Each structure stands twice: as structure tokens, then as C-alpha cells.
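Everything on this sheet refers to the single structure shown next.
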Amino acid sequence: PNPLSARGTTIEFDFPITEDISIYILYIRGRKVKTLIDKEQLFGYQSVMWDATNYDGDNVSNGVYFYQIKSRNFNEGGKLVFVK
């Protein structure tokens, strides 16, 4: 799992073509906490920062979170563990 601090974490990804992608943060029970990207991204190596906040801008609580990266031809996720 990717350790997550109060400063946040960086999620890195690499796409072979320019396409629409979505990156979401989900709580362990599957509820969306925040959308990081929901638009077209250029091909190649990219990264996005999650500042450990929810849609309202509030800091998230300790726990296990997941990120999900989706496009038309790709769907992958990873685990994040947040400990203050």
C-alpha cells in the first residue's frame, strides 16, 4: 500500500495515447471521496497529487482508501493507507 500522510500523496500513471481518463479516491466501503481527474489527458507519463481531503475540502480520517484510474480501455486501482 501507498502510505499517505497529511501532506498527501502522488499517484503516477502512464498512457500510450491521449484519451479521457478519470481518477477517483474511494473509501474502503466503495464510496467516492474525491475526483482528482475527469478529463482528457495527454499520452505519456503523468502524475496527480491528492491532498488527503474530500469533496468538501475537509481532511479525511485515518483508514484505508483506494484510487481508481479508468479510461475507455483501462481500469486499475491501488491501495492507500492514511495514518496521521
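The values are calculated or read from the model by the stated rules, or taken from the named source; none is laboratory data. This one's a predicted model, so the numbers in the text were calculated from it and none came from an experiment. Methodologically, a virtual Cβ is constructed for each residue, glycine included, from the backbone with ideal geometry; neighbour enumeration extends over all protein chains shown. The area values use the complete protein model at the heavy-atom level, side chains included, leaving out ligands, DNA and RNA. Shrake-Rupley method; radii C 1.70, N 1.55, O 1.52, S 1.80 Å.
Couple of notes before you dig in:
- In this entry, V33 is excluded by the filter for residues that are more than 11 Å from the chain's Cα centre (by Cα) and not polar (S, T, N, Q).
- Identity of the residue in the range 1-25, modelled with pLDDT of 90 or more and among the polar types (S, T, N, Q), that ends up nearest to the chain's Cα centre (by Cα): S22
- N75 meets all of the listed conditions (1) polar (S, T, N, Q); (2) open to solvent by 70 Å² or more (accessible area, probe 1.4 Å); (3) at pLDDT below 90 but one, namely (3).
- Residue selected from the range 38-64 under the condition β-branched (V, I, T) and farther than 13 Å from T10 by Cα, by the criterion surrounded by the most Cβ atoms within 10 Å (Cβ to Cβ): V60
- In the range 5-63, the residues that are acidic (D, E), out of contact with any Lys or Arg (no Cβ under 7 Å at 6 or more places or on another chain) and either more than 16 Å from K79 (Cβ to Cβ) or part of a loop (DSSP other than H, G, I, E, B) (or both): D14, D38, E40, D51, D56, D58
- Just one of the numbered conditions (1) part of a loop (DSSP other than H, G, I, E, B); (2) under 9 Å from the mean Cα position of the chain (by Cα) is not true of G78: (1).
- Meets criteria (surrounded by fewer than 15 Cβ atoms within 10 Å (Cβ to Cβ), touching a residue at least 12 places away in the same chain (Cβ under 8 Å) and polar (S, T, N, Q)) for T9: no
- Each residue in the range 26-37 was checked for being at pLDDT 95 or above, surrounded by 15 or more Cβ atoms within 10 Å (Cβ to Cβ) and in contact with a Phe, Trp or Tyr (Cβ under 7 Å, 6 or more places away or on another chain), and 4 pass.
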